[in-house]
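The values are calculated or read from the model by the stated rules, or taken from the named source; none is laboratory data. Note that the structure is a prediction, hence the values are computed from the model and not measured. Virtual Cβ from ideal backbone geometry, glycine too; neighbours counted across all protein chains shown. Keep in mind that these areas ignore ligands, DNA and RNA; they rest on the heavy atoms of the full protein, side chains included. Shrake-Rupley method; radii C 1.70, N 1.55, O 1.52, S 1.80 Å.
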Amino acid sequence: MKYLFSPDANEQDLHTDLYDWLSAGPLSSLTNVEVHEVGAGRVDIQVQFSGFHFYLELKADDSAVPIQDKAKYIKQTVSYQAADIRIGFLVVLRLTPPKDKGPSLHLTDMVSHTTVRVQGSASDRHVVMLEVAGNQTKPSSVR
């Protein structure tokens with residue numbers, strides 16, 4: 001996608017791309033955007049299944065801070081689990097240009113997981129985190 005090579009890419013670019021991808025497949029009728037009043041907030045993307053939902057929080061970030069150290073993003077993702085299953089997804093468009101112009105990381109290196117224990121709860125909540133490499137060097141085949 002062209003926005004992955006743009007220094008001006010933003011969260012909306014990621015949002016459009018991910019929503020379009022989800023809507024093109026079997027989750028099409030189950031996917032909603034900008035759902036209000038979920039965990040006292042507004043979730044970016046909701047995927048609705050029979051009896052539960054997956055919530056995806058999307059961010060664009062131009063810092064070099066590792067995603068697992070982004071406590072504010074993680075807490076926001078966890079907040080959507082207040083009345084649903086205890087797993088959520090944080091998808092971050094990384095806008096920091098890579099220091100090394102070598103080969104890209106493998107997809108598995110861009111996915112991580114953390115657990116959060118909310119005060120007073122006996123159970124952990126889970127956040128699956130996916131980083132999307134943005135602000136990439138444009139190959140000659142991309143115009």
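For Gly102, the criteria (1) assigned to a loop (DSSP other than H, G, I, E, B); (2) in contact (Cβ under 8 Å) with a residue 40 or more places away in the chain hold in every case but one, which is (2). When the stretch 1-52 is filtered for residues that are of a type in the set (Ser, Thr, Tyr) and assigned to a helix (DSSP H, G or I), the ones remaining, listed by number, are Tyr3, Thr16, Tyr19, Ser23, Ser28, Ser29.
The set of residues in the stretch 2-41 being under 21 Å from Lys75 (Cα atoms) and open to solvent by less than 50 Å² (accessible area, probe 1.4 Å) consists of Leu14, His15, Val35, Val38, Gly39, Gly41.
Only one entry of Asp69, Asp124 meets the criterion of being loosely packed, with under 15 Cβ neighbours inside 10 Å and either at positive phi or without any contact (Cβ under 8 Å) to a residue 12 or more places away in the chain (or both), and that entry is Asp69.
In the stretch 71-99, the residue that is modelled with the highest pLDDT out of those that are part of a loop (DSSP other than H, G, I, E, B) and either within 24 Å of Glu37 (Cβ to Cβ) or hydroxyl-bearing (Ser, Thr, Tyr) (or both) is Arg86. Report yes if some residue within the stretch 42-57 is within 26 Å of Tyr3 (Cα to Cα), open to solvent by 60 Å² or more (accessible area, probe 1.4 Å) and at pLDDT below 95; otherwise report no. Yes, there is a match, as at least one residue in the stretch 42-57 is within 26 Å of Tyr3 (Cα to Cα), open to solvent by 60 Å² or more (accessible area, probe 1.4 Å) and at pLDDT below 95. Consider Leu95 against the criteria (1) among the aliphatic types (A, V, I, L, M); (2) open to solvent by less than 40 Å² (accessible area, probe 1.4 Å); (3) touching a Lys or Arg at 6+ places or on another chain (Cβ under 9 Å); (4) within 20 Å of Leu18 (Cβ to Cβ): it satisfies all of them except one. Which criterion is unmet? All conditions are met except number (3).
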